[in-house]
Amino acid sequence: MSAPVPTNLITGFLGAGKTTAIRHLLAEARPPDERWAVLVNEFGDVGVDAAGLGDGAAVEELPGGCLCCTLGVPFRVALARLLRRSRPARLLIEPTGLGHPARILDQLHEFEEQGALTRHATLTLIDPRQLEDPRVAAHEAFHDQAQLADILIAHKSDLCTEAQLAALTRWAHGLYPPKRGIERAAHGRIEAAWLDEPIGRAGPADPAASAEAPHHHPEHHHERSGPAPEPGRPVRAEQSGGDTAACGWLFHPEDIFERNALLAVLEGLRGCQRTKGVVRTGSDWLRVDADSDGVRTEAVAWRGESRLEVIGPAPEVTWDGVEAQLLAARRGS
């Protein structure tokens with residue numbers, strides 16, 4: 001029988017930098033002779049994060065709703081398949097930024113009792129500036145993620161003032177249960193040693209509490225031009241969950257975007273909570289992110305269809321309008 005797999009839950013609200021942190025861990029913290037696995041979940045139906053993860057990891061993706069809603073058979077099947085096929089030295093689980101982690105911890109506890117894995121610290125990334133954003137600070141998932149963290153990480157600390165960092169520290173000290181650590185990090189550079197911290201002071205999830213935790217199940221609305229995207233006719237998937245809406249687009253591999261035109265579209269989406277994607281520009285594929293901090297791009301090894309997702313649209317943003325702008329940003333348009 002294989003040894004239990006050390007497992008970490010890495011949570012954080014939209015835009016906190018979870019995927020960036022996992023990519024850093026895979027590149028810098030993973031021993032070269034080890035194979036790690038990542039179970040990644042996205043709020044929208046168009047998966048983006050898994051496409052941006054680098055080599056050295058077996059990746060299993062659950063798009064189309066938070067893990068809290070896809071728990072049960074889909075979650076158990078995906079997790080068991082990932083553990084069986086990859087036999088990883090470590091497992092990282094990245095729920096959507098809108099997910100409530102209590103149910104996930106309950107499910108992991110069941111796998112732990114079966115000897116399949118052993119739970120290590122839950123790491124929660126928080127951008128300290130999010131405490132000043134009412135859309136985030138008042139969100140149930142934001143508070144649940146912080147409450148259930150073993151280690152709470154003030155991420156993007158390089159973009160924060162000392163007053164914002166101090167405000168987060170004061171707020172974090174008021175959380176219960178108390179944390180094993182309140183740390184700082186930037187650019188995804190979280191310490192590998194934090195992964196080996198045990199669960200404890202944050203403790204396991206209370207099954208009764210998780211059963212009663214309020215949660216909005218997302219509703220799916222799809223507009224499709226066919227079973228697969230065609231050149232100039234992307235597949236579009238809309239989704240809403242509670243007070244948060246999202247829309248994703250899947251483009252045919254022959255749809256190639258003009259880099260500057262694409263960047264202009266992304267610049268216009270900075271008022272949204274989060275925009276992310278992997279997009280083909282000429283012979284290159286770029287991982288793109290846009291939020292209030294700016295637009296960021298990075299070359300990735302992904303070679304496939306372009307995909308983009310917008311979460312939490314600004315008031316002036318319409319899905320028809322975004323789609324028209326994206327189509328206009330293609331070469332030859």
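Per-structure values
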quantity: Residue in region 33-46 that is in a helix (DSSP H, G or I), in contact with a Leu (Cβ under 8 Å, 6 or more places away or on another chain) and modelled with pLDDT of 60 or more present; calculated: no
quantity: Residue list for region 288-299, restricted to those being open to solvent by 20 Å² or more (accessible area, probe 1.4 Å) and under 20 Å from Glu254 (Cα atoms); calculated: Ala299
quantity: Pairs where the first residue, in region 74-95, is in a helix (DSSP H, G or I) and the second is of a type in the set (S, T, N, Q), C-beta under 8 Å, 6+ apart; calculated: Phe75/Gln107; Arg76/Gln107; Leu79/Gln107
quantity: Residues satisfying the stated conditions in region 301-328, i.e. within 20 Å of the chain's Cα centre (by Cα), farther than 23 Å from His139 by Cβ and open to solvent by less than 20 Å² (accessible area, probe 1.4 Å); calculated: Ser306, Leu308
quantity: Residue check for Leu152: closer than 20 Å to Thr96 by Cα, at pLDDT 95 or above and in a helix (DSSP H, G or I); calculated: no
quantity: Where a residue in region 264-277 is within 14 Å of Glu316 (Cβ to Cβ) and part of a loop (DSSP other than H, G, I, E, B) and its partner, wherever it lies, is among the hydroxyl-bearing types (Ser, Thr, Tyr) and open to solvent by less than 40 Å² (accessible area, probe 1.4 Å), with Cβ under 6 Å and at least six apart; calculated: Leu269/Thr275
quantity: Meets criteria (over 24 Å from the mean Cα position of the chain (by Cα) and either at pLDDT 85 or above or on the phi < 0 side of the Ramachandran plot (or both)) for Ala228; calculated: yes
quantity: The lone exception for Ala166 - which of (1) small (Gly, Ala, Ser); (2) in a helix (DSSP H, G or I); (3) open to solvent by 10 Å² or more (accessible area, probe 1.4 Å); (4) under 27 Å from Arg90 (Cβ atoms) it fails; calculated: (4)
quantity: Given (1) at pLDDT 90 or above; (2) loosely packed, with under 15 Cβ neighbours inside 10 Å; (3) of a type in the set (Gly, Ala, Ser), index of the condition Ser283 fails; calculated: (1)
quantity: Breaking point among (1) touching a residue at least 60 places away in the same chain (Cβ under 8 Å); (2) open to solvent by 30 Å² or more (accessible area, probe 1.4 Å), for Ala228; calculated: (1)
quantity: Pick from region 96-106, criterion touching a Pro at 6+ places or on another chain (Cβ under 9 Å) and either hydrophobic (A, V, I, L, M, F, W, C) or assigned to a helix (DSSP H, G or I) (or both), ranking: surrounded by the most Cβ atoms within 10 Å (Cβ to Cβ); calculated: Leu98
quantity: Any chance Glu254 is over 24 Å from Leu98 (Cβ atoms), in contact (Cβ under 8 Å) with a residue 40 or more places away in the chain and open to solvent by 10 Å² or more (accessible area, probe 1.4 Å); calculated: no
quantity: Meets criteria (in contact with a strand residue (DSSP E or B) (Cβ under 8 Å, 6 or more places away or on another chain), more than 21 Å from Pro101 (Cα to Cα), in a strand (DSSP E or B) and at pLDDT 60 or above) for Ala58; calculated: yes
quantity: Test: Leu82 is surrounded by 22 or more Cβ atoms within 10 Å (Cβ to Cβ), aliphatic (A, V, I, L, M) and modelled with pLDDT of 80 or more; calculated: no
quantity: Sole exception among (1) modelled with pLDDT under 90; (2) closer than 30 Å to Thr297 by Cα; (3) in a loop (DSSP other than H, G, I, E, B); (4) open to solvent by 50 Å² or more (accessible area, probe 1.4 Å) for Pro214, by number; calculated: (2)
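Okay, residues lined up against (1) within 22 Å of Glu132 (Cβ to Cβ); (2) touching a His at 6+ places or on another chain (Cβ under 7 Å); (3) of a type in the set (S, T, N, Q):
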| position | (1), (2), (3) |
| --- | --- |
| Pro253 | no, no, no |
| Val265 | no, no, no |
| Cys272 | yes, no, no |
| Thr275 | yes, no, yes |
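The values are calculated or read from the model by the stated rules, or taken from the named source; none is laboratory data. Here the structure is a predicted model, which is why all the values come from computation and not from measurement. Here the Cβ is made from the backbone with ideal geometry for all residues, glycine too, and neighbour counts use every protein chain on show. Note: accessible area is taken over every heavy atom of the protein model, side chains too, but ligands, DNA and RNA are not part of it. Shrake-Rupley method; radii C 1.70, N 1.55, O 1.52, S 1.80 Å.
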